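Scroll down for the structure; my scribbles are underneath it.
The values are calculated or read from the model by the stated rules, or taken from the named source; none is laboratory data. This one's a predicted model, so the numbers in the text were calculated from it and none came from an experiment. Neighbour counts run over all protein chains shown; Cβ positions are idealised from the backbone, glycine included. Please note that ligands, DNA and RNA were not included when accessible areas were found on the heavy atoms of the full protein model with its side chains. Shrake-Rupley method; radii C 1.70, N 1.55, O 1.52, S 1.80 Å.
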Amino acid sequence: MKADLHLHTTCSDGRLSPEALVLAAARAGLSAIAVTDHDNTDAVAEAMAAVAERGLKLEVVPGVEVTAMRGDTELHILGYFVDPRAPGWQEAMARARREREQRAAAFVAKFAAHGIRLGLDAVQRHAGDGAIGRPHVARALVEAGACGTEQQAFDRYLNPGCPTFVPRGGMDPKEAIALIHAAGGVASLAHPRSVPLSEPDAKGETLLAYLVACGLDALEVIHPSATSMLRAHYARLAAENGLLVTGGSDDHGPRPGHPSRIGDLSVPYSWLAALGARRPRSTGEVSANYAGPLRESFYNGTIKQRSQSQ
């Protein structure tokens with residue numbers, strides 16, 4: 001049994017609807033997935049409903065990928081088993097959504113200053129009802145003829161160092177981790193290769209030490225950006241710091257030249273069981289009432305029992 005604990009849908013910057021995602025996961029032979037859209041949990045209920053209606057043998061873990069900022073460093077905190085109905089959750093997600101919309105508008109304004117005509121409505125059209133992200137801006141740039149590919153859009157206009165780049169805003173990692181815990185979830189640092197994990201700051205504290213002190217629960221060891229050597233390195237760091245390990249494909253759906261990675265990068269089901277066992281006990285009863293028709297698969301000990309039987 002295997003799981004993919006990092007997947008996106010059209011509710012953020014993915015290309016597959018929640019229903020299409022669970023169908024693809026089932027075809028790939030996965031036993032469990034975590035739906036981890038950027039700064040929202042809107043896809044969770046639809047994904048779970050699709051599993052139930054289709055009679056799929058697939059567990060859907062309610063997840064999220066929260067954007068956080070530590071100084072100038074952007075990092076992403078994955079949350080697993082979060083309850084979208086927890087007090088303060090939707091308000092926090094709404095703030096993150098507004099920040100994303102403001103950033104998109106700032107990109108459009110910078111493009112105009114550099115002679116690139118692009119309306120915010122074009123970006124919003126690509127985002128649909130989902131949270132706006134840079135991939136939607138990239139798609140709008142390609143559509144407008146400003147560049148030939150989405151990667152070219154990132155390289156020319158959207159990445160740090162580009163004259164039109166707009167830095168992110170976001171909550172502090174401590175706030176992000178606390179928010180996930182308050183919603184009954186566990187927190188994992190996504191794609192650690194993208195951040196200076198072990199470099200000491202002016203006070204001599206590393207980012208990893210800071211995150212552990214904030215209550216981080218896990219480290220994403222398996223990710224497309226991590227080589228086999230990096231995976232071993234992250235696994236060692238996790239063990240040394242009392243962290244669990246997570247992993248997944250970080251799939252955003254197929255696009256030209258980039259097929260879907262669902263099922264290509266998976267983790268043992270036992271990793272999911274360990275995450276379930278780490279959930280905050282004080283808020284567990286909140287999450288226990290969430291997950292609709294599939295709640296028994298997540299919140300009554302079934303995960304632990306199935307893991308022990310493997």
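Computed in the context of the full set of protein chains, the accessible area of the chain at 1.4 Å probe radius has 52% of its extent on carbon or sulfur. Given the stretch 70-218, report the % of alpha carbon pairs whose separation exceeds 24 Å. Of all Cα-Cα pairs in the stretch 70-218, 43 percent lie more than 24 Å apart.
Can you give the FRET efficiency to the nearest 0.05 for ALA20 and MET69, using r as the Cβ-Cβ distance and R₀ = 45 Å?
According to the calculation, E is roughly 0.90.
With the helix formula -39500 (n - 2.57) applied to DSSP H stretches of n ≥ 4, the chain reaches a computed 222 nm mean residue ellipticity of -11500 deg cm²/dmol. Put simply, the amide H of VAL245, placed in the peptide plane, has neighbours under 5 Å in LEU219, leaving out anything fewer than 5 places away on its chain.
May I ask for the distance between the Cα centers of the stretch 197-239 and the stretch 19-40, given as a whole number of Å? After rounding, the separation between the Cα centres reads 26 Å. Over the chain, accessible surface divided per residue gives 43 Å², non-protein components excluded, 1.4 Å probe.
Among GLY169, GLY263, GLY253, the largest mean-square fluctuation in a Gaussian network model of the chain (Cα springs under 10 Å) belongs to GLY169.
For the stretch 1-136, the spread of Cα coordinates along the three principal axes comes to 52, 29, 24 Å, biggest extent given first.
The H on the amide N of VAL61, modeled in the peptide plane, is under 5 Å from the matching H of ILE33, ALA34, VAL35, each at least 5 residues off or on a different chain.
For the listed peptides 206-213, 51-58, a ranking on the average number of other beta carbons within 10 Å per residue, highest first, reads 206-213, 51-58.
Give, in nm to one decimal, the length gained when the segment between ARG231 and ARG117 is fully stretched (0.36 nm per residue of separation minus the Cα-Cα distance). Additional length available on full extension: 36.8 nm. Fully extending the segment from ARG168 to HIS258, taken as 0.36 nm per residue of separation minus the present Cα-Cα distance, adds 29.8 nm.
Over the chain, what relative contact order in percent results from Cα pairs under 8 Å that are six or more residues apart? All intermediate terms of the calculation are to be shown ahead of the outcome.
Working: 597 pairs, mean separation 69.8, N = 310.
Reported relative contact order: 23 percent.
In a fully extended conformation the segment linking LYS57 and GLU240 would gain 62.3 nm over its present Cα-Cα distance, using 0.36 nm per residue. Heavy-atom accessible area for VAL195, with the other protein chains in place and a 1.4 Å probe, reaches approximately 10 Å².
Return the tail of the calculated pair distribution for the stretch 153-223, meaning the percent of Cα-Cα pairs more than 21 Å apart. Of all Cα-Cα pairs in the stretch 153-223, 41 percent lie more than 21 Å apart. Loop-located trypsin sites (Lys or Arg not before Pro) across the stretch 191-263 with a Cβ neighbour count of 12 or fewer within 10 Å are LYS203, with loop assigned by DSSP. Using the reciprocal of the averaged 1/r over all distinct C-alpha pairs, how large is the Kirkwood radius of the chain in Å? With all distinct Cα pairs of the chain included, I get 19.8 Å.
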